[in-house]
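Have a look at the structure below, then the notes.
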Amino acid sequence: MNRNLRARWRLLAVAGLSSIAIPARAATVRMPAQQHYGSVGYITGGVGEREARLFERQMSKHPLAIELLEHAGKAEEFTADAKVKIADRRGRTVLDAKADGPFMLVDLPPGRYSIVATLKHATLKKSAVVVTRNELARATFEFPAHTD
């Protein structure tokens, strides 16, 4: 994990600790409903700090976690509305969906996949994402500033 990602996760952890003081009657944040593209299930969202933390806690329950970021000066910000397309080793599309937030948790069988994420006019690709049964696969897409 590079320094920027570690720093971002530390910042989110500090934000999580500060949320302990929220009264018990505060609204409960729930995971969005699982959606399907063919036989592939996925959950997308993570808008706002509380929902983002919820997605981070749920990552280990899914084989693949996709994170979508946009550079904003020297910082990085979460983004939404990216189009995400995943193809298997043979080039067959197994997922083609719009991200409703900065995270997509995808239930894929073990294998090697390529992922393309498009936000407005910028397209980024990860050509060798390996999903296994025992370890979370992660793909982070960092779009240039002012992409959305």
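Here is how the numbers come out for the structure above:
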| read-out | value |
| --- | --- |
| Span from the segment 31-70 Cα centroid across to the segment 74-148 one, whole angstrom | 12 Å |
| Low-density loop positions, trypsin sites (Lys or Arg not before Pro), segment 69-148 - DSSP coil, at most 10 other Cβ in 10 Å | Lys74, Arg89, Arg90, Arg92, Arg133 |
| Aspartates and glutamates with Cα under 13 Å of Lys61, excluding same-chain neighbours fewer than 8 positions away | Asp107, Glu135 |
| Alpha-carbon Rg/Rh ratio, for segment 31-148, with Rh computed the Kirkwood way | 0.94 |
| Relative contact order of segment 74-148, pairs being alpha-carbon contacts under 8 Å that are 6 or more residues apart, as % | 26 percent |
| Virtual spin-label span in nm between Asp96 and Met59, 7 Å along Cα→Cβ | 2.9 nm |
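Read the figures in this text as sums done on the coordinates, not as results from a lab. Being a predicted model, the structure only gives us computed values, none of them experimental. A quick note on method: Cβ atoms are made from the backbone with ideal geometry, for glycine too, and the neighbour counts reach across all protein chains shown.
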